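For reference, the structure discussed in these notes is given below.
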Amino acid sequence: MSVISDVLANSSVQTPTIKDSLTSAATGGQALGKDAFLQLLVTQLKNQNPLDPQDNSEFVAQLAQFSSLEGITTLNDTVSGLASSYSSSQALQASSLVGRSVIAQTDKAVVDTSKSLNGTVVVPSSVSGVSIKINNAEGKTIRTLELGSQSAGNSSFIWDGKDDAGVVAPAGTYTFGATTTIDDTNTSLITYLPATVNSVTISQTGGELMLNLAGMGSVALSKVQTIGI
């Protein structure tokens, strides 16, 4: 039997307070919405003892409880609507990214060596030199680019697709390892490289979009520097 039915069935004997009914609903695992809350309040007022009416302060407190319950219900509806809109926005955003070229934070790139590759290195502070080692799929270093002294910020570099001997390397996946010396310590640097978005993974829990890049795995959308290059 529901909480409201219990109240109506026993109203001629003893009407429980709304606090008691709330406690009963909570311990019994029953849901008590604002409509049920209001019906309990009306039933309590109709069946109160005329010789010992409900205290004004208690009545005001119960009205405040009802107002709070109604506010929480409205807030839940609003949040649910925002979540639905956010999911729709993510889906639309995802569909527009598939097939696009991006520059993302990664150390790998699928390179067409018949063309030059443009990348970026993030330099945390002014340094005397930045070195970029380009390794093939077997892990062998085929080319080393020396950028010289760099100031803090993003430093661009270009690889023409050739190895150290000046021979055009085969197309494929290459790893770019950028390093510098900071306070006499060899330090790895972040690189941003071009890639193509094959597909997009949409989080079911409201998390960030994950871009699945051709030959490079997945990266978060927040790690993308440029879209549509």
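Values quoted throughout were computed directly from the atomic coordinates according to the rules given, and no laboratory measurement underlies them. Note that the coordinates shown come from a computational prediction; the quantities given were computed from them, not determined experimentally. Glycine gets a Cβ as well: all are built from the backbone with ideal geometry, and neighbour counts include every protein chain shown.
Mind listing whichever residues of segment 188-226 are within 22 Å of ALA152 (Cβ to Cβ), β-branched (Val, Ile, Thr) and exposed (fewer than 15 other Cβ atoms within 10 Å of the Cβ)?
THR226
Output the strands (runs of 3 or more DSSP E) that fall wholly within segment 126-201 and possess 1 or more residues being within 20 Å of LEU213 (Cβ to Cβ), or say none.
127-135, 153-159, 172-182, 185-201
Test each condition in (1) closer than 16 Å to GLN105 by Cα; (2) buried (at least 17 other Cβ atoms within 10 Å of the Cβ); (3) of a type in the set (Val, Ile, Thr) for THR179 and report the one that comes out false.
(2)
Only one of these is surrounded by fewer than 17 Cβ atoms within 10 Å (Cβ to Cβ) and farther than 30 Å from SER96 by Cβ: LYS140, LYS115. Name it.
Unique residue meeting the criteria: LYS140.
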